[in-house]
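Taking it in order: structure first as structure tokens, then the write-up.
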């Protein structure tokens, strides 16, 4: 821990901690013990890239074999007695299908919360949904893993968290929630309950959403998920992350009233999303799982491996709900299976070098990233 004079009542402190196997740093900008006030700044810079992405069915905006995935984060968080808050900005590469490939600055988190006591807290604003804590809990791979279809940051949210000894739980409600691609989900509730012990931990989660009411292809849906960890040795951990989702998907899309041919060529993403209306919603079933193991060789080197599986009714050519994407079916069939082999190496206390190979039916062959935390 390093200390620097800040010139006022406060003290600037660079504290190096640990969050899972990834270091977490923060720079204390201000601290006033008398008034129980504290302000910290934190962030990361992470040049990264997907490699071997020239596959028939692509997950990216371009056909090139290397896709840049550079990211950066800058955040400020603080507390005033029982009140806590966070503002976090992310600089992300728009490398998904239909994206521009450019980097864009976005507000990732902006919320205020109140801690009633050591066991209860309530938060309001733009934040992680409660179910996001289940997804991260069971993940092993660096980047190429099965991900929950909806666990993510949501604005217009309220979240309640509680813990008593080994019992942890949380629930959140998001008004007019959206997918990571900006597709409407409708009002969404989710939550989880878990047990934490020294050797084993498990979290069970569920989500219910009302549907987009014709604004997107997603109708009402219900998701169930599990995240689990078992650590028979201090440096050896087995993890499980799995979900099953029943969601109603629109079978028909049509132009909304008043849309003209000229509107179809708009480059405004918000406008593009409002061009169509959807109907004929039918229930689809999705499911996926990741089982992995992590071995910490020493303080610098960590090795991981995982097996991943995912299937959806909309991928199955024999299903009445098949999307008709023949390229995807030729590459995956009605399900896909892949593995990950990950090496993480700490160059120093604040710099991590990570490389991941993804044999099997992943959207890329590998991923590499170097991250500096501050």
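Of the residues in segment 294-305, not one is crowded, with 16+ Cβ neighbours inside 10 Å and in a loop (DSSP other than H, G, I, E, B).
Restricting segment 147-162 to residues that are in contact with a helix residue (DSSP H, G or I) (Cβ under 8 Å, 6 or more places away or on another chain) and part of a loop (DSSP other than H, G, I, E, B) leaves a set whose member that is farthest from residue 241 (Cα to Cα) is 152. Among the residues of segment 69-84, just one is under 23 Å from the mean Cα position of the chain (by Cα) and surrounded by fewer than 16 Cβ atoms within 10 Å (Cβ to Cβ), namely 70.
Of all residues in segment 151-162, those being buried (at least 18 other Cβ atoms within 10 Å of the Cβ) and in contact with a strand residue (DSSP E or B) (Cβ under 7 Å, 6 or more places away or on another chain) number 5.
Yes/no matrix, rows are residues, columns are (1) over 23 Å from residue 159 (Cβ atoms); (2) part of a strand (DSSP E or B); (3) touching a helix residue (DSSP H, G or I) at 6+ places or on another chain (Cβ under 6 Å); (4) modelled with pLDDT of 90 or more:
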{"position": "78", "(1), (2), (3), (4)": "no, yes, no, yes"}
{"position": "84", "(1), (2), (3), (4)": "no, yes, no, yes"}
{"position": "90", "(1), (2), (3), (4)": "no, yes, no, yes"}
{"position": "98", "(1), (2), (3), (4)": "yes, no, no, no"}
{"position": "110", "(1), (2), (3), (4)": "no, yes, no, yes"}
{"position": "114", "(1), (2), (3), (4)": "no, yes, no, yes"}
{"position": "118", "(1), (2), (3), (4)": "no, no, no, yes"}
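Kindly indicate whether residue 114 is touching a strand residue (DSSP E or B) at 6+ places or on another chain (Cβ under 8 Å), farther than 23 Å from residue 209 by Cα and in contact (Cβ under 8 Å) with a residue 40 or more places away in the chain. Criteria not met by residue 114.
In this structure, is residue 148 closer than 16 Å to residue 221 by Cα, modelled with pLDDT of 90 or more and buried (at least 22 other Cβ atoms within 10 Å of the Cβ)? Answer is no for this residue. Count of segment 117-134 residues, restricted to those that are surrounded by 14 or more Cβ atoms within 10 Å (Cβ to Cβ) and out of contact with any strand residue (DSSP E or B) (no Cβ under 7 Å at 6 or more places or on another chain), is 1.
For the condition in contact with a helix residue (DSSP H, G or I) (Cβ under 7 Å, 6 or more places away or on another chain), modelled with pLDDT under 95, part of a strand (DSSP E or B) and closer than 21 Å to residue 218 by Cβ, what is the one hit in 311, 285? Only one candidate passes the filter, namely 285.
Taken as a whole, segment 323-343 holds no residue that is exposed (fewer than 14 other Cβ atoms within 10 Å of the Cβ) and part of a strand (DSSP E or B).
All of (1) farther than 23 Å from residue 77 by Cβ; (2) out of contact with any helix residue (DSSP H, G or I) (no Cβ under 6 Å at 6 or more places or on another chain); (3) modelled with pLDDT of 95 or more hold for residue 178 with one exception: (3). Within segment 234-274, which residues are over 22 Å from residue 185 (Cβ atoms), at pLDDT below 95, within 28 Å of the chain's Cα centre (by Cα) and surrounded by 11 or more Cβ atoms within 10 Å (Cβ to Cβ)? Hits for segment 234-274: nothing passes. Taking segment 356-374 as the range and being touching a residue at least 60 places away in the same chain (Cβ under 8 Å) and in a strand (DSSP E or B) as the test, the residues that pass are 356, 366, 367, 368, 369, 370, 371, 372, 373.
Scanning segment 163-183 for residues that are over 18 Å from residue 111 (Cα atoms), in contact with a strand residue (DSSP E or B) (Cβ under 7 Å, 6 or more places away or on another chain) and in contact (Cβ under 8 Å) with a residue 40 or more places away in the chain returns a single hit, 183. Just one of (1) part of a strand (DSSP E or B); (2) under 25 Å from the mean Cα position of the chain (by Cα); (3) modelled with pLDDT under 90 fails for residue 231. It is (3).
The values are calculated or read from the model by the stated rules, or taken from the named source; none is laboratory data. Keep in mind it's a predicted model, so treat the numbers as computed, not measured. Note: ideal-geometry Cβ built from the backbone for every residue, glycine included; neighbour counts use all protein chains shown.
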